[in-house]
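The values are calculated or read from the model by the stated rules, or taken from the named source; none is laboratory data. Everything numeric in this text was worked out from a predicted model, so none of it was measured. Don't worry about glycine lacking a Cβ; one is built from the backbone with ideal geometry, like all the others, and counts go over all protein chains shown. Keep in mind that these areas ignore ligands, DNA and RNA; they rest on the heavy atoms of the full protein, side chains included. Shrake-Rupley method; radii C 1.70, N 1.55, O 1.52, S 1.80 Å.
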Amino acid sequence: MFPEYRDVISKLKTTDAHFAKVFDKHNELDEKIINLEKDPVASVSREEEIDALKKEKLALKDELFKMAILGFALTEAIALFSLMMAFLILFAL
């Protein structure tokens, strides 16, 4: 999920409890959906439940994406600020 933000996601999973909880819930739903779809009886008889789970999973994925983007933007902003400060110090001397 979001391979371009793999580093940010890894960091958020260890530093942000809410992100980790949402990430784990997303993975649990994914596993549940896969298991239901593998079962030929459940995949037909519980189709509405599967659709509801997919919608919930998508909502969690959107939330994760927003948090990952925010984390990435914050990381980039800090890096740019540090670079700017280094140039200011360098050229102020």
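Looking at the range 63-93 only, could you name the residues that are touching a helix residue (DSSP H, G or I) at 6+ places or on another chain (Cβ under 7 Å) and either open to solvent by less than 60 Å² (accessible area, probe 1.4 Å) or not in a helix (DSSP H, G or I) (or both)?
Hits for the range 63-93 are Leu64, Met67, Ala68, Gly71.
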- Message: Whether any residue in the range 61-71 is free of Cβ contacts under 8 Å to residues at least 12 places away in the same chain and over 11 Å from the mean Cα position of the chain (by Cα) is what I want to check.
- Response: no
- Note on the structure: Scanning the range 50-59 for residues that are under 30 Å from Val8 (Cβ atoms) and either open to solvent by 80 Å² or more (accessible area, probe 1.4 Å) or of a type in the set (D, E, K, R) (or both) gives Lys54, Lys55, Glu56, Lys57, Leu58
- Kindly list, by first and then second residue, each pair from a residue in the range 30-49 that is within 24 Å of Met1 (Cβ to Cβ) to a residue that is open to solvent by less than 90 Å² (accessible area, probe 1.4 Å) and of a type in the set (Gly, Ala, Ser), limited to pairs with Cβ atoms under 7 Å and residues at least 6 apart or on different chains. Leu36/Ala42; Leu36/Ser43; Glu37/Ser43
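Table: residues versus (1) basic (Lys, Arg); (2) open to solvent by less than 50 Å² (accessible area, probe 1.4 Å).
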residue: Arg6; (1), (2): yes, no
residue: Lys11; (1), (2): yes, no
residue: Phe19; (1), (2): no, yes
residue: His26; (1), (2): no, yes
residue: Glu48; (1), (2): no, no
residue: Lys61; (1), (2): yes, no
- Residue that is nearest to Lys13 (Cα to Cα), among those in the range 28-46 that are surrounded by 14 or more Cβ atoms within 10 Å (Cβ to Cβ) and among the aliphatic types (A, V, I, L, M): Leu29
